[in-house]
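Here, each number is a calculation from the coordinates, and none is a lab measurement. Owing to the predicted nature of the structure, the values given are computational and were not obtained by experimental measurement. No Cβ is skipped: glycine too gets one built from the backbone with ideal geometry, and neighbour counts run over all protein chains shown.
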Amino acid sequence: MTTKRTVSGNRRELGAALRSFRRRAGYMRIEDVNDLLDISSVTMGRIENGEAPVDRAKLRVLAEAYKLSGDETDGLMALAKQTRTTKGAFPTFVTVKSRALLELETEATEILMVTIDLIPAYFQTEGYTRALFESTGERLPSDRMDELMNVRKGRQETLVQPNPPIVRAVIHECALRLPVGGAEVMHEQLTYLAGACDLPNVEIQVQPIGAGAYPGMGSAFLLIRLDNDLATDRVQVGSHGEAFFRDRSAATEPYRVAWERKRVAALSLPASKAVILDAARSYGPTGDS
């Protein structure tokens, strides 16, 4: 049973990655790519939903049609290989794996996240996000930054889509006090974050600085759950080029335990919103920041 679920989950990620690449290439309908593989729309739909396998030859046809880079094609092939194995960690195929998870976020029933020094991407304002990108030291060109901004905006739309996932976050208070982009940017950001607390599908808790040590110090992760089924959990740990992933139950269980410990140690929902608003005021016109 465990092996069957793992393989099905890997197929689902592969399908999600293919769907994302198709849309990026401008093929907005499944019917637009039928002739490429000489298969029906139903079959292509099953492949993109992770319900049917796809062989390497067909993947290479799609990779060429979607104008994938060499690294993207290699990553896609590596991910496809995982559909025939129970291996659950993907430390080297970040680009394609991340793409798959971003696509699956829209299908998630629950998203759990823990951050330390960052406001979660789902709740970032444009000013805050741009300040982050400008501070990386990578000197990103404006068009690349715009592309990254569009990715963030797409993720945020998940919160208000029809039948949105339940999104639960534990944020360390240091993320509220770190002046990313300056006082004006932070005031806007924290006011927006406080407003997000009122969304019916959002729960935001703050780990207070004053509490000192707390469970799982130093760890940040994102957990995506599909179909309200723990066996479908996917975990991304870290960010940027150093992220790694877990998708087998034995490997995701420690993060479920960590989440519960962090949730219990953090402030209640009302107390958390109060801390967020207090931090926002500290960056306001009469604040000290």
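Quick look at the values:
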item: Mean separation of Cα contacts under 8 Å (6+ apart) over length of the chain, as relative contact order %; result: 21
item: The chain - convex hull of the alpha-carbon atoms, volume per residue in Å³; result: 136
item: Rounded to 10°, Cα long-axis angle of helix 70-82 versus longest principal axis of the chain; result: 80
item: Ascending count of other beta-carbon atoms within 10 Å, so fewest first, for Glu126, Glu105, Glu203; result: Glu126, Glu203, Glu105
item: Zone residues, segment 201-228, relative to Arg177, backbone N less than 20 Å from point 7 Å out along Cα-to-Cβ; result: 205-220
item: Acute angle (nearest 10 degrees) that the helix 249-265 long axis makes with the longest principal axis of the chain, alpha-carbon atoms; result: 20
item: Sites Ala251 and Ser219, calculated FRET efficiency, Cβ-Cβ separation with R0 25 Å, nearest 0.05; result: 0.95
item: Residue among Val96, Val180, Val33 with the largest mean-square fluctuation in a Gaussian network model of the chain, springs linking Cα atoms under 10 Å; result: Val33
item: Theoretical ellipticity at 222 nm over the chain - DSSP helices of four or more residues, -39500 (n - 2.57) apiece, nearest 500; result: -15500 deg cm²/dmol
item: Lysine pairs within the chain, Cα separation less than 27 Å, 8 or more sequence positions apart or different chains; result: 17
item: Only Lys, Arg (+1) and Asp, Glu (-1) charged, at Cβ; the chain dipole about Cα centre in debye; result: 860
